[in-house]
Amino acid sequence: MYFANSSVLWALFALAIPVIIHLFNFRKFKRIYFSNVALLREIKIDTQSTNRLKHLLILLCRMLAIACIVLAFANPFLTSKKNVAKNGTAAISIFVDNSFSMNAENKNGILLESAKKAAREIALAYKPSDKFQLLTNDFEGRHQRLLSREEFLEMLDNVQSSAVSKSLTQINSRQADILTTAQANIKKSYILSDFQKTNYTLNGNIIDTNFQTILVPFKANETSNIFIDSVWFDVPYHQLDGAEILNVKLTAAGNNEQTFSDIPIKLYINNEQKALASFTIKNNETQTIKLGFTNKSNGLQQCKLELQDHPITFDDKFYFAFDVNSNVAVKSINGGAENTYINYLFAKDDFCKYEAVSANNIDYSALSSNNFIVVNEIKNITSGTAQELLKFINNGGSLLLLPALEADLTSYNTFFNSCGAVNFSAWDTSKQKVERINLQHPLFNDIFEKEKVKTNNIDLPIVFGSYASIANSRNKSEMLMQLQNGNPFLYATKVGKGNLYVCASPLNEKYSNFCKHALFVPSVYKMAITSVGSSPLFYKIGSNENVLVKPKNDVAENLFHITNKALNFDFIPATKVSNGETMLVLHSQIKEANNYEISLDKNVLDVCSFNYSNLESNLVMFENDELEAMIEKNGIANMTILANNGKSLTQSVKEDNTGKSLWKIFVIFSLLFLLIEVLLLSPIIKSFFQKKNSVVY
């Protein structure tokens, strides 16, 4: 037990006063004469023995009453070993979770409002001279300083919901930044949140324990929620009048075994409904549904998925965007004559913008404007050509290399080594057949009916001459077609953001029948159409992702705009140009989920779509005992939970700071001892002590 005002304990010397009064009885006695002295003597003996006990009890009550009054003024309190009370100034950091999940309700109303009220009570539990930091998920610059209590309360009133959510370790780290430099004797942090399981796990992450961290949980009513986790297409390219299959991953989260039946979901493209479906899902279940539609227009497509789910509605809409390409730019670089089969495949296709050039007349600056390049029978790949081709592939282009019969293998292998591809060795004139096709590769995933491919009656290409292969230590190649001797006939290598495809033979019927085989057209054509680069379908708000754009000219001095007319939003992002790519740096300026246009000089270049983080959609929260177990498991010494124990938050905080105050208990005991003294002096008790004397008389 500790005393806040220990100097008051000197008043315990006042206990001597009732002792002195008891020892020195200054009352004057009146003499009374009786006829029977013997009887009077017997009464006197009995009265002295009973009065002595009564006087001692009265003395004890007076001493205990005085002692309790003195101890009450000394303000005694109890404290645990973890919370040793300190005197002096305090620096207090209070995090108020303003994420979307805090818009849920409980019996006291909206959780965010309850958290703001609790933050106010915490601040009022401290002295007006103490300093406070208000922190939210937004991590705003104005929150990175200590405030007076009045400034803190004023800023607290302006806290609004935010699409951003931070993890427990991020919050702790930001609070440590301000508390470690604060000049204060007492340093504490409070985290007021619903503690979602998706966002507040520790998993061995480091927590700063140089100051005490107090978790204040707010539990919502039992709520379930359905949300769209992500979307993707079956194929990465999009053509006019092409059939599309959109995969939609749905998740239901909740603490019960509720089943949601016939939930409608709609797909809108450019504000026009394109697909409608319904689904049935259980809590804590994930499923993927497919929506089919046809592309009826070229260009940028702004899309929205919408479902109906109450009462949580902030994540009922999911935005994404894609580009339906009007053409694919194909260039053939020829070491000799133009390849007839490549010309037939691309030159007369309206979807392909085809151009053939000589290896001696390459415009390197124009390579980046192409999507797919065919290097046809170049005998020597010069260092300059190799460098530009490697740059083209790294930036997302695709390249098909068809070797020359008398190729300079040194230059070829130097280029292959820079790409991490299989090297060529000597020319092999043996006749062989393609023995196996890699059906797992995306190039073949929709060409064959897989049930028929497994039979032995498939007609595969025959090779009359090819380059044997040598795998190097940096080999990253993946076999597409394998010959009977184990060498690859066609293989692919992922290089940066693009792909390198290599055929072991020239595209000539003298060396293989691949150019006239049924596999030629779908294989090479798919190399071309999958080379069209595409932007991400969507981004997540709060992830600070940069947005990639691919303008056709130098834009270093130009200003991009990210706009949404419906929201009256116009933002000029910072730009960063690296390796021919332009990145737009957002700095967390986009706060609302929607589709946004990217424009340059009033020309719309692209559309970027932003959605709220699905971490906020899963409303399953930690219980207090789960939080305690997690803290104990990670061995965090200075982290405790301030649970609702029927007391006001202000009282709980004060007790946490100064310990459990006992002065009220001592006041009650002092009144109790005074009451006992009054009873001892009352006529009823007096008659009890005189009862024996009356019988004797």
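The values are calculated or read from the model by the stated rules, or taken from the named source; none is laboratory data. A quick note: this is a predicted structure, and the numbers were derived from the prediction, not measured. Heads up, the Cβs are rebuilt from the backbone with ideal geometry, glycines too, and the neighbour counts pull from every protein chain shown.
The condition (being in a loop (DSSP other than H, G, I, E, B), outside the structural domain of Phe372 (by TED's automatic domain parsing), polar (S, T, N, Q) and buried (at least 21 other Cβ atoms within 10 Å of the Cβ)) is satisfied by just one residue among Ser189, Ser165: Ser165. Checked against (1) surrounded by 15 or more Cβ atoms within 10 Å (Cβ to Cβ); (2) in contact (Cβ under 8 Å) with a residue 60 or more places away in the chain; (3) in the same structural domain as Phe314 (by TED's automatic domain parsing); (4) not hydrophobic (A, V, I, L, M, F, W, C), Gln212 passes all but a single condition, namely (3).
Would you mind listing the strands (runs of 3 or more DSSP E) fully within the stretch 206-253 where at least 3 residues are of a type in the set (Val, Ile, Thr) and over 19 Å from the mean Cα position of the chain (by Cα)? Break it down stepwise before answering.
Values: elements: 212-217, 225-233, 243-253.
Here the list reads 212-217.
For the stretch 531-541, the tally of residues that are within 25 Å of Leu367 (Cβ to Cβ) and crowded, with 19+ Cβ neighbours inside 10 Å stands at 3.
The set of residues in the stretch 514-524 being surrounded by fewer than 18 Cβ atoms within 10 Å (Cβ to Cβ) and of a type outside the set (A, V, I, L, M, F, W, C) consists of Lys516, His517, Pro522.
Being assigned by TED's automatic domain parsing to the domain that holds Leu672, at pLDDT below 85 and surrounded by 10 or more Cβ atoms within 10 Å (Cβ to Cβ) narrows it down to one residue among Arg62, Arg31, Arg27; which is it?
Working: Arg31 fails: surrounded by 10 or more Cβ atoms within 10 Å (Cβ to Cβ); Arg27 fails: surrounded by 10 or more Cβ atoms within 10 Å (Cβ to Cβ).
Exactly one of Arg62, Arg31, Arg27 is assigned by TED's automatic domain parsing to the domain that holds Leu672, at pLDDT below 85 and surrounded by 10 or more Cβ atoms within 10 Å (Cβ to Cβ), namely Arg62.
Sub-6 Å Cβ pairs linking a first residue in the stretch 617-637 that is within 17 Å of Asn283 (Cβ to Cβ) and among the aliphatic types (A, V, I, L, M) to a second residue that is surrounded by fewer than 19 Cβ atoms within 10 Å (Cβ to Cβ) and modelled with pLDDT of 85 or more, at least 6 apart or interchain, are Val620/Lys197, ordered by first then second residue.
Given the options Lys476, Lys494, name the one that is among the charged types (D, E, K, R), closer than 24 Å to Gly396 by Cα and either modelled with pLDDT of 90 or more or in contact with a helix residue (DSSP H, G or I) (Cβ under 6 Å, 6 or more places away or on another chain) (or both). So that I can check it myself, show each step before the final result.
Numbers: Lys476 fails: either modelled with pLDDT of 90 or more or in contact with a helix residue (DSSP H, G or I) (Cβ under 6 Å, 6 or more places away or on another chain) (or both).
Among Lys476, Lys494, only Lys494 is among the charged types (D, E, K, R), closer than 24 Å to Gly396 by Cα and either modelled with pLDDT of 90 or more or in contact with a helix residue (DSSP H, G or I) (Cβ under 6 Å, 6 or more places away or on another chain) (or both).
Quickly run through the stretch 488-512 and pick out the residues that are crowded, with 16+ Cβ neighbours inside 10 Å and part of a loop (DSSP other than H, G, I, E, B).
Initially, the stretch 488-512 is screened for residues crowded, with 16+ Cβ neighbours inside 10 Å, giving 488-493, 495-496, 498-508, 511-512.
Hits for the stretch 488-512 are Gly496, Ala504, Ser505, Pro506, Leu507, Asn508, Tyr511.
Quick check on the stretch 140-161. Is at least one of its residues at pLDDT below 90, among the charged types (D, E, K, R), within 30 Å of Asn611 (Cβ to Cβ) and under 19 Å from the mean Cα position of the chain (by Cα)? There is at least one residue in the stretch 140-161 that is at pLDDT below 90, among the charged types (D, E, K, R), within 30 Å of Asn611 (Cβ to Cβ) and under 19 Å from the mean Cα position of the chain (by Cα).
Of all the helices (runs of 4 or more DSSP H) wholly in the stretch 638-697, which have at least 1 residues that are surrounded by 17 or more Cβ atoms within 10 Å (Cβ to Cβ), modelled with pLDDT of 75 or more and among the small types (Gly, Ala, Ser)?
The qualifying helices (runs of 4 or more DSSP H) are 663-681.
Within the stretch 573-608, the set of residues being within 26 Å of the chain's Cα centre (by Cα) and either part of a loop (DSSP other than H, G, I, E, B) or under 21 Å from Ser161 (Cα atoms) (or both) comprises Pro573, Leu586, His587, Ser588, Gln589, Ile590, Lys591, Glu592, Ala593, Asn594, Asn595. Can you name every residue in the stretch 273-304 that is in contact with a Gly (Cβ under 7 Å, 6 or more places away or on another chain) and hydrophobic (A, V, I, L, M, F, W, C)? Of everything in the stretch 273-304, just one residue is in contact with a Gly (Cβ under 7 Å, 6 or more places away or on another chain) and hydrophobic (A, V, I, L, M, F, W, C), namely Ala275. If you go through the stretch 192-232 and keep only what is touching a Leu at 6+ places or on another chain (Cβ under 8 Å), among the hydrophobic types (A, V, I, L, M, F, W, C) and farther than 16 Å from Ala637 by Cα, you end up with Phe195, Val216, Phe218, Ala220, Ile226, Phe227, Ile228, Val231, Trp232. When Asp350 is tested against (1) at pLDDT below 90; (2) of a type outside the set (Ser, Thr, Tyr); (3) more than 26 Å from Ala243 (Cβ to Cβ), only condition (3) is not met. Scanning the stretch 302-343 for residues that are in contact with a Phe, Trp or Tyr (Cβ under 6 Å, 6 or more places away or on another chain) and without any contact (Cβ under 8 Å) to a residue 60 or more places away in the chain returns a single hit, Asn327.
Can you tell me which residues in the stretch 520-549 are more than 30 Å from Phe100 (Cβ to Cβ) and in contact with a strand residue (DSSP E or B) (Cβ under 8 Å, 6 or more places away or on another chain)? Hits for the stretch 520-549 are Ser523, Val524, Met527, Ala528, Ile529, Thr530, Ser531, Val532. From the list Gln239, Gln175, Gln196, the lone residue that is crowded, with 18+ Cβ neighbours inside 10 Å and at pLDDT below 85 is Gln239.
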